[in-house]
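Enquirer: Sharing a structure below in structure tokens format, with a few things to ask.
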Amino acid sequence: MRIGVLALQGAFEEHIKMLNELGVETFEIRQLKDLSEIPDGLIIPGGESTVMSKLLDELNIREKILEYADNGMAIFGTCAGLILLCKDTGDPRCKGLGLLDCTAKRNAYGRQLGSFETIGKFDSIGEIPMVFIRAPYISEANKNVKILSTIDDKIVGVRQNRILATAFHPELTSDLSVHKYFIDMIKNR
Ligand code: GLN
């Protein structure tokens, strides 16, 4: 199994570390030619969604991701990655990939609660540590979207077919279970 990690900016190294700990082969995607072959999965990390959205277009990577998603590549987005996956990013400066039938709310927790940690339930996994950094949540999700996790009635984890997204950063904890969940998702297609 080969998983590419979008490495344009943001917290991509932590994802690579986690995947390697789980024995998965990884590679960094910095330009279009890094996507010359379809990987089994793609991770879109946290960072700044408006910047990443712009870079996806400038580097002509957006169309390639959409083409591969159409051909069965699984995608996991965390935080800014979640925003980028949504149909409606809630911000005109950020063009979403439109792969999640959801509306995101960027920087949804305001200044005071900008960053926080909590323990929350995640689908079949159970309780896991969750790190939120200027995080979004999903304000609306279509019926075809499976809600995997909510914190204080806000949706923070979803799955739609081959697309997985969390508003929090599992890669900034030592808990490997969400990455393992993604790997199992790829295996059980
Ligand atoms: N606030 C960032 C954004 O809106 C997301 C923060 C993150 O990825 N940690 O893009």
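The values are calculated or read from the model by the stated rules, or taken from the named source; none is laboratory data. None of the values given here were measured: they were computed from a predicted structure. Using ideal geometry, Cβ is built from the backbone for each residue, glycine included, and neighbour counts are taken over all protein chains shown. To get the accessible areas, we keep the full protein, side chains included, count just its heavy atoms, and leave off ligands, DNA and RNA. Shrake-Rupley method; radii C 1.70, N 1.55, O 1.52, S 1.80 Å.
Enquirer: Of the numbered conditions (1) surrounded by 19 or more Cβ atoms within 10 Å (Cβ to Cβ); (2) out of contact with any Phe, Trp or Tyr (no Cβ under 7 Å at 6 or more places or on another chain); (3) on the phi < 0 side of the Ramachandran plot, LYS54 satisfies every one except a single condition; which is it?
Expert: Every listed condition holds for LYS54 apart from (1).
Enquirer: Please indicate, with yes or no, whether at least one residue in region 31-46 is within 16 Å of the ligand (Cβ to nearest atom) and out of contact with any Gly (no Cβ under 9 Å at 6 or more places or on another chain).
Expert: Scanning region 31-46, I find no residue that is within 16 Å of the ligand (Cβ to nearest atom) and out of contact with any Gly (no Cβ under 9 Å at 6 or more places or on another chain), so the answer is no.
Enquirer: Take the residues in region 102-157 that are in contact (Cβ under 8 Å) with a residue 24 or more places away in the chain, assigned to a loop (DSSP other than H, G, I, E, B) and polar (S, T, N, Q), then tell me which one is nearest to TYR181 (Cα to Cα).
Expert: Of everything passing the filter in region 102-157, ASN144 is nearest to TYR181 (Cα to Cα).
Enquirer: On to the next question. Would you pick out the residues in region 94-142 that are open to solvent by less than 10 Å² (accessible area, probe 1.4 Å), away from the ligand (no atom under 14 Å from the Cβ) and touching a Cys at 6+ places or on another chain (Cβ under 7 Å)?
Expert: Those that are open to solvent by less than 10 Å² (accessible area, probe 1.4 Å), away from the ligand (no atom under 14 Å from the Cβ) and touching a Cys at 6+ places or on another chain (Cβ under 7 Å): LEU100, CYS102.
Enquirer: Now, a different point. With the structure loaded, tell me whether LYS154 is closer than 18 Å to GLY81 by Cβ and surrounded by fewer than 17 Cβ atoms within 10 Å (Cβ to Cβ) or whether it fails that test.
Expert: The answer is yes for LYS154.
Enquirer: Which of the residues spanning region 29-44 are closer than 18 Å to ASN60 by Cα and either surrounded by 14 or more Cβ atoms within 10 Å (Cβ to Cβ) or of a type in the set (Gly, Ala, Ser) (or both)?
Expert: Scanning region 29-44 gives ILE29, ARG30, ASP34, LEU35, SER36, ILE38, PRO39, LEU42, ILE43, ILE44.
Enquirer: If you check LEU66 against the conditions, is it within 16 Å of the ligand (Cβ to nearest atom), surrounded by fewer than 24 Cβ atoms within 10 Å (Cβ to Cβ) and at pLDDT 95 or above?
Expert: For LEU66, the condition - within 16 Å of the ligand (Cβ to nearest atom), surrounded by fewer than 24 Cβ atoms within 10 Å (Cβ to Cβ) and at pLDDT 95 or above - is not met.
Enquirer: Filter region 158-182 down to residues that are within 14 Å of PHE122 (Cβ to Cβ) and either among the hydroxyl-bearing types (Ser, Thr, Tyr) or assigned to a strand (DSSP E or B) (or both), then give me how many there are.
Expert: Here the count works out to 8.
Enquirer: Return the residues of region 69-93 that are open to solvent by less than 10 Å² (accessible area, probe 1.4 Å) and assigned to a strand (DSSP E or B); say none if nothing qualifies.
Expert: Of everything in region 69-93, those that are open to solvent by less than 10 Å² (accessible area, probe 1.4 Å) and assigned to a strand (DSSP E or B) turn out to be ALA74, ILE75, PHE76, GLY77, THR78, CYS86.
Enquirer: Does region 10-28 hold any residues that are within 14 Å of the ligand (Cβ to nearest atom), surrounded by fewer than 19 Cβ atoms within 10 Å (Cβ to Cβ) and either at pLDDT below 95 or among the small types (Gly, Ala, Ser) (or both), and which are they?
Expert: ALA11
Enquirer: Continuing with the same structure: Looking at (1) touching a residue at least 12 places away in the same chain (Cβ under 8 Å); (2) over 12 Å from the mean Cα position of the chain (by Cα), which is the only condition GLY47 fails?
Expert: (2)
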